[in-house]
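One structure is given here, and the rest of the page talks about it.
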Amino acid sequence: SRSQLTYCARAANHPNPLARKLFQVAEAKKSNVTVSADVTTTAELLDLADRLGPYIAVIKTHIDILSDFSQATIDGLNALAAKHNFLIFEDRKFIDIGNTVQKQYHQGTLRISEWAHIINCSVLPGEGIVEALTQTAQSPDFPYGSDRGLLILAEMTSKGSLATGSYTSASVDYARKYQSFVLGFVSTRSLSEVESTVAKNEDEDFVVFTTGVNLSSKGDKLGQQYQTPQSAIGRGADFIIAGRGIYAAPDAVEAAKQYQQQGWEAYMARVGG
Ligand code: 5BU
């Protein structure tokens with residue numbers, strides 16, 4: 001199955017340029033770690049990105065939690081992404097009618113399209129949200145070409161999540177319908193076997209990002225539920241996302257190296273390397 005292929009093999013065959021880049025970065029850096037850099041100032045964010053940059057494939061941001069977002073945030077993130085060869089994922093979770101999300105994604109206060117290679121959305125509003133974001137990214141005057149992609153938020157890690165059943169199935173439907181812009185899913189497992197009304201293309205290769213990865217905790221007091229890198233990758237994660245497990249560790253760089261090593265070993269075990 002897809003999950004037994006190496007990142008290298010998937011990079012070679014994937015039709016989507018950003019998916020190819022993701023797999024190439026993972027392979028080049030021997031890292032499938034996405035750090036969720038949930039700090040609240042630009043200085044902390046850029047400092048974390050610079051220190052952890054060598055050990056991660058992707059940095060995930062919540063740009064609206066910064067108290068001082070400005071052009072310096074954008075310039076700093078773009079420069080560090082180039083310096084350390086990582087991609088930027090803004091975890092904005094678009095969830096509105098098509099006309100609104102187009103404006104939230106491209107231009108607006110946060111200018112997300114200018115710096116985020118990867119964005120995500122919920123399909124709660126229906127198919128139109130995926131269609132709208134795809135249309136913006138593929139319009140002839142969109143300046144970032146094919147260097148942008150979308151993950152569909154198909155499941156969530158919080159206790160009692162309602163992103164299950166027919167919601168998750170619809171996520172797979174729309175991923176299949178808008179494959180030119182949809183890279184894959186944020187989910188807790190591989191979804192290629194989930195029932196979908198859209199026929200599966202035997203070559204399809206969705207990228208799975210799994211949040212809620214932590215080596216030393218089972219959860220938090222607000223309903224977050226954790227699993228280990230081994231467990232996430234065993235269930236089909238291609239990229240593991242860790243926040244507090246890394247940035248709140250006594251030594252964030254040591255923690256990033258530990259998640260990198262464990263994530264890579266679990267991947268090697270999965271592909272039989
Ligand atoms: P943590 O510190 O590793 O618990 O941070 C997890 C991050 O992933 C945080 O930024 C959440 O907003 C994000 N997240 C999540 O925890 N669970 C989900 O289902 C999704 C995102 Br989608």
### Query
Taking all pairs of different Cα atoms in the range 133-213, averaging 1/r and flipping that mean, what Kirkwood radius in angstroms comes out?
13.5
### Query
Which length gain, in nm to one decimal place, applies between D64 and N78 when the Cα-Cα distance is subtracted from 0.36 nm times their residue separation?
3.3 nm
#### Entry: Farthest positive-ward along the range 176-242 dipole, Cα basis, beta-carbon charges - from F239, V207, S192
F239
### Query
In the neighborhood of L66, defined by Cβ-to-Cβ distances under 11 Å, what is the net charge if each Lys or Arg adds +1 and each Asp or Glu adds -1?
-4
### Query
Using 0.36 nm per residue, how much length does the chain from M268 to N85 gain when fully extended, once their Cα-Cα distance is taken away?
63.7 nm
### Task
Give the peptides 233-242, 156-165, 138-147 in descending order of average Cβ contacts within 10 Å, highest first.
233-242, 156-165, 138-147
### Summary
Any GluC sites (Glu not before Pro) in the range 150-224 that lie in a DSSP loop and have at most 11 other Cβ atoms within 10 Å would be E193, E195, E202
### Query
What distance in nm separates the simple spin-label points at D203 and Q135, each placed 7 Å from Cα in the Cβ direction?
2.8
### Query
So what are the ³J(HN,Hα) numbers for the range 156-164, from phi and the Karplus equation (6.51, -1.76, 1.60; θ = phi - 60°), rounded to whole Hz, Gly and Pro as x?
10, 8, 6, 4, x, 3, 9, 7, 9
### Task
Could you work out how far apart the two model spin labels at S166 and E114 are, taking each label as a point 7 Å from the Cα in the direction of the beta carbon, and quote it in nm?
4.2
### Message
Taking amide H atoms as placed 1.01 Å from N in the peptide plane, list the residues 5 or more away in sequence, or in a different chain, whose amide H sits under 5 Å from that of G236.
### Response
S190
### Task
Go through K159/K221; K60/K221; K21/K60 and tell me which ones have a Cα-Cα distance over 18 Å in this structure.
K60/K221
### Query
At q = 0.07, 0.13 Å⁻¹, what log₁₀ I(q)/I(0) does a Debye calculation on the Cα points of the chain give, no solvent, two decimals?
-0.22, -0.81
## Note on the structure
With 0.36 nm assigned to each residue of separation and the Cα-Cα distance removed, K159 to L5 gains 52.3 nm
### Summary
In the neighbourhood of L153 defined by beta carbon distances under 12 Å, the net charge of the other residues (Lys, Arg +1; Asp, Glu -1) is 0
### Query
What Kirkwood hydrodynamic radius, in Å, does the range 48-196 give when the mean of 1/r is taken over all pairs of distinct Cα atoms and then inverted?
16.0
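Values quoted throughout were computed directly from the atomic coordinates according to the rules given, and no laboratory measurement underlies them. Please read these numbers as outputs of a predicted model, since none were measured by experiment. All Cβ positions, even for glycine, are placed from backbone atoms using ideal geometry, and neighbour counts span all protein chains on display.
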